[in-house]
1. List every residue pair whose Cβ atoms lie under 8 Å apart, where the two residues are 6 or more positions apart in sequence or sit on different chains, the first residue falls within the stretch 35-46 and is under 21 Å from residue 24 (Cα atoms), and the second residue, located anywhere, is open to solvent by less than 100 Å² (accessible area, probe 1.4 Å) and of a type outside the set (Val, Ile, Thr).
2. Taking the criterion of being surrounded by 12 or more Cβ atoms within 10 Å (Cβ to Cβ), modelled with pLDDT under 90 and outside any loop (DSSP other than H, G, I, E, B), would at least one residue in the stretch 33-51 satisfy it?
Amino acid sequence: MLHYNLIEDGVTAGNLLENQPDLATMTLGALNVVSKNDKGFFLMVEGGAVD
């Protein structure tokens, strides 16, 4: 499972990785993997601050 943390400006987040990919990059990566299934797929993508 791919997981992405959305951190707003001014909010500290502890030990974040400098090379953490953004949501768009991880979404494209997930689409590249699941699109290989000839039966179809379902992919849910959320930013961390939607709830």
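The values are calculated or read from the model by the stated rules, or taken from the named source; none is laboratory data. On a predicted model such as this, the values are computed, not experimentally measured, just so you know. For neighbour counting, all protein chains shown are included, and Cβ atoms are generated from backbone atoms with ideal geometry for every residue, glycine included. Protein only, heavy atoms only, side chains kept; ligands, DNA and RNA dropped before computing areas. Shrake-Rupley method; radii C 1.70, N 1.55, O 1.52, S 1.80 Å.
1. Listed pairs, sorted by first residue: 41/35; 43/30; 43/31; 45/23; 45/30.
2. No, because not a single residue in the stretch 33-51 is surrounded by 12 or more Cβ atoms within 10 Å (Cβ to Cβ), modelled with pLDDT under 90 and outside any loop (DSSP other than H, G, I, E, B).
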